[in-house]
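Working notes, structure below.
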Amino acid sequence: MDYLNKRCVRDMDVKGKAVFLRCDFNVPLDREGNITDTRRIDESLKTIKYLIDNDCKIVLCSHLGRPKEGYTGKLSMMPVAKYLTEILGREVKLTKDIGGEDTKRIVSELKKGEVCLLENVRFADGEKTNDPELAKRLASLADIYVNDAFGACHRAHASTCGIADYLPSCYGFLIEKEISNMCRILKNPKRPFVSILGGAKISDKIGVVNSLLDKVDVLIIGGGMSYTFANALGYSVGTSICESDKLDLAKDMMAKAKEKGVKFLLPLDIRVAKEYDPDSENKIVDFDKIPEGWMGLDIGPKTEKAFSEAIKDAGTVVWNGPMGVSEWDNFASGTLAVAKAIASSGAISIIGGGDSAAAVYKLGYADKMTHISTGGGASLRLLEGKPLPALEALENN
Ligand code: ADP
Ligand code: MG
């Protein structure tokens with residue numbers, strides 16, 4: 001599953017055309033509605049600027065959060081429109097509706113090189129159900145459809161999939177970067193190929209564990225998902241996060257690793273806490289002896305050392321999911337150790353997953369990584385070797 005046969009915006013005649021550009025502006029907002037991390041918008045600028053330079057009339061579209069029913073003031077794209085206006089140095093008008101009268105008026109008034117932004121596309125009925133009527137209405141706003149919303153490519157929605165049925169289509173430069181990095185590296189990884197998986201739940205990532213076991217030399221498991229493996233091995237896990245309905249799956253994965261000759265590393269020690277609280281009393285215990293009433297919230301120092309040792313000689317590293325509750329300083333040490341080990345290994349490195357990426361940026365190791373994906377779910381699906389519907393929908397080159 002590489003998508004290198006699909007068409008890039010570079011290969012299309014966009015000069016002076018009206019372009020519908022689907023981006024992933026799904027940025028985190030604070031209580032006051034300020035954007036706390038603009039990275040996803042910044043990563044879209046290359047394609048936007050290319051279209052401006054080509055005198056296009058640009059209709060931007062994205063979702064933001066998960067509005068329950070229709071218009072939700074808190075999830076308006078207004079902060080994104082403001083930020084784009086600032087960073088592009090030209091007004092980016094926000095439409096009141098999604099392809100309705102207000103949109104039509106604003107789009108019809110666009111001059112070459114001008115940009116507007118649709119209101120949150122998930123306010124529209126039919127976006128998530130990929131309704132052809134909505135897809136058609138969106139398509140009627142432009143001559144060409146460009147998708148650069150990598151973070152939304154695993155969703156078959158009207159603005160990511162359906163619209164491609166009604167317009168000539170291609171992907172933008174962010175998607176090009178994502179797929180060329182991820183697909184190229186996964187196709188022919190420099191060995192040893194080491195993968196590190198963590199995060200909260202094994203159920204989110206079981207498909208990835210399964211498919212990575214066919215590819216990697218070493219699989220390292222940390223974070224919340226490691227306790228399901230501990231439980232499957234018969235260890236006590238205290239009050240740690242554990243999916244007791246996934247024990248058989250965990251056993252199957254360990255058996256598969258053995259059969260494939262994949263080195264399978266679980267934690268040796270754990271930092272446990274009394275409560276799920278950033279300031280909870282905490283201590284280090286052995287992985288197989290988590291005391292009753294305590295929960296594992298990070299890997300321990302012996303584990304940090306063992307994992308770092310395994311990462312040191314890697315040719316390729318794929319990392320998805322923090323080693324503990326890395327948002328809290330008391331439980332971020334394991335994630336920091338892994339980030340450090342990857343950064344100093346010299347390996348080709350891919351970081352996928354929103355929380356792992358956030359940790360790498362926060363800890364200051366971003367510029368040491370080969371590629372940090374902007375899409376959590378989408379990058380997991382690529383790792384899994386499963387199709388991304390929004391990319392399938394695009395025309396071949
Ligand atoms: P990513 O976004 O990188 O794919 P996930 O979303 O799967 O990662 O997991 C990140 C979340 O997992 C974080 O919110 C983190 O607090 C949580 N987490 C990690 N380890 C533990 C743990 N031991 N117990 C509870 N939550 C954990
Ligand atoms: Mg996450």
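The values are calculated or read from the model by the stated rules, or taken from the named source; none is laboratory data. Only a predicted model underlies this, so the values are computations on that prediction, with no experimental measurement involved. Positions of Cβ are generated from backbone atoms using ideal geometry, with glycine treated the same way; all protein chains shown enter the neighbour counts. Just the protein is used for accessible areas: all its heavy atoms, side chains included, with ligands, DNA and RNA removed. Shrake-Rupley method; radii C 1.70, N 1.55, O 1.52, S 1.80 Å.
Mind listing whichever residues of segment 254-270 are in a loop (DSSP other than H, G, I, E, B) and farther than 19 Å from Asp298 by Cβ? Before you say what the answer is, go through the steps one by one.
Quick first cut of segment 254-270, residues in a loop (DSSP other than H, G, I, E, B) only: 261-262, 266-268.
Gly261, Val262, listed by residue number.
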When every residue in segment 362-397 that is basic (Lys, Arg) and surrounded by 15 or more Cβ atoms within 10 Å (Cβ to Cβ) is compared, the one nearest to Cys8 (Cα to Cα) is Arg381
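If you scan segment 26-43, which residues turn out to be touching a strand residue (DSSP E or B) at 6+ places or on another chain (Cβ under 8 Å) and either under 20 Å from Ser169 (Cα atoms) or not in a loop (DSSP other than H, G, I, E, B) (or both)?
At the first step, the residues of segment 26-43 found to be touching a strand residue (DSSP E or B) at 6+ places or on another chain (Cβ under 8 Å) are 27-29, 35-36, 41.
Of everything in segment 26-43, those that are touching a strand residue (DSSP E or B) at 6+ places or on another chain (Cβ under 8 Å) and either under 20 Å from Ser169 (Cα atoms) or not in a loop (DSSP other than H, G, I, E, B) (or both) turn out to be Leu29, Ile35, Ile41.
Just checking, how many residues over segment 200-214 are open to solvent by less than 10 Å² (accessible area, probe 1.4 Å) and in contact with a strand residue (DSSP E or B) (Cβ under 8 Å, 6 or more places away or on another chain)? Before you say what the answer is, go through the steps one by one.
Residues of segment 200-214 that are open to solvent by less than 10 Å² (accessible area, probe 1.4 Å), as a first pass: 202, 208-209, 212-213.
Still in the running and in contact with a strand residue (DSSP E or B) (Cβ under 8 Å, 6 or more places away or on another chain): 208-209, 212-213.
The number of residues fulfilling the criteria is 4.
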Among the numbered conditions (1) farther than 25 Å from Asp217 by Cα; (2) touching a helix residue (DSSP H, G or I) at 6+ places or on another chain (Cβ under 8 Å), tell me where Ile348 comes up short.
(1)
Considering Ile284, Ile290, which residue is in the same structural domain as Leu212 (by TED's automatic domain parsing), more than 30 Å from Asn188 (Cβ to Cβ) and away from ligand 1 (no atom under 13 Å from the Cβ)?
Ile284
Subset of segment 229-281 (residues that are within 13 Å of ligand 1 (Cβ to nearest atom) and aromatic (Phe, Trp, Tyr)):
Phe229, Tyr276
Scan segment 276-290 and give yes if some residue there is under 18 Å from Ala314 (Cα atoms), surrounded by fewer than 23 Cβ atoms within 10 Å (Cβ to Cβ) and among the β-branched types (Val, Ile, Thr), otherwise no.
no
Which members of segment 220-246 meet the condition of being open to solvent by 40 Å² or more (accessible area, probe 1.4 Å), polar (S, T, N, Q) and assigned to a loop (DSSP other than H, G, I, E, B)?
Thr239
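Do we have any residue at all in segment 80-101 that's touching a Pro at 6+ places or on another chain (Cβ under 7 Å), among the charged types (D, E, K, R) and assigned by TED's automatic domain parsing to the domain that holds Ile41? Outline the logic, then answer.
Within segment 80-101, the subset touching a Pro at 6+ places or on another chain (Cβ under 7 Å) is none.
Within segment 80-101, none of the residues are touching a Pro at 6+ places or on another chain (Cβ under 7 Å), among the charged types (D, E, K, R) and assigned by TED's automatic domain parsing to the domain that holds Ile41.
Yes or no, residue by residue, for (1) touching a residue at least 24 places away in the same chain (Cβ under 8 Å); (2) in a strand (DSSP E or B); (3) away from ligand 2 (no atom under 16 Å from the Cβ):
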| residue | (1), (2), (3) |
| --- | --- |
| Asp248 | no, no, yes |
| Asp252 | no, no, yes |
| Val272 | yes, yes, yes |
| Asp277 | no, no, yes |
| Ile311 | yes, no, yes |
| Ile351 | yes, yes, no |
| Ser356 | yes, no, no |
| Ala359 | yes, no, no |
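Working carefully through the options Ser203, Ser195, Ser226, find the one that is away from ligand 1 (no atom under 11 Å from the Cβ) and of a type in the set (Ser, Thr, Tyr). Can you show your working first?
Details: Ser203 fails: away from ligand 1 (no atom under 11 Å from the Cβ); Ser226 fails: away from ligand 1 (no atom under 11 Å from the Cβ).
Just a single option satisfies the conditions, and that option is Ser195.
Among the residues of segment 172-183, is there at least one that is in a loop (DSSP other than H, G, I, E, B) and buried (at least 24 other Cβ atoms within 10 Å of the Cβ)? Lay out the reasoning, then the answer.
We begin by selecting, within segment 172-183, every residue in a loop (DSSP other than H, G, I, E, B); these are 172.
Going one step further and asking which of them are buried (at least 24 other Cβ atoms within 10 Å of the Cβ), we end up with 172.
Taking every residue of segment 172-183 in turn, at least one turns out to be in a loop (DSSP other than H, G, I, E, B) and buried (at least 24 other Cβ atoms within 10 Å of the Cβ).
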Quick check on my filter: what residues within segment 373-386 are out of contact with any Ser or Thr (no Cβ under 8 Å at 6 or more places or on another chain) and within 11 Å of ligand 1 (Cβ to nearest atom)?
Gly375, Gly376, Gly377, Leu380
So in segment 328-347, with the set limited to residues that are in contact (Cβ under 8 Å) with a residue 24 or more places away in the chain and in a loop (DSSP other than H, G, I, E, B), which one is farthest from ligand 1 (Cβ to nearest atom)?
Ala347
Scan segment 348-357 and tell me whether some residue there is away from ligand 1 (no atom under 14 Å from the Cβ), open to solvent by 10 Å² or more (accessible area, probe 1.4 Å) and at pLDDT 95 or above.
yes
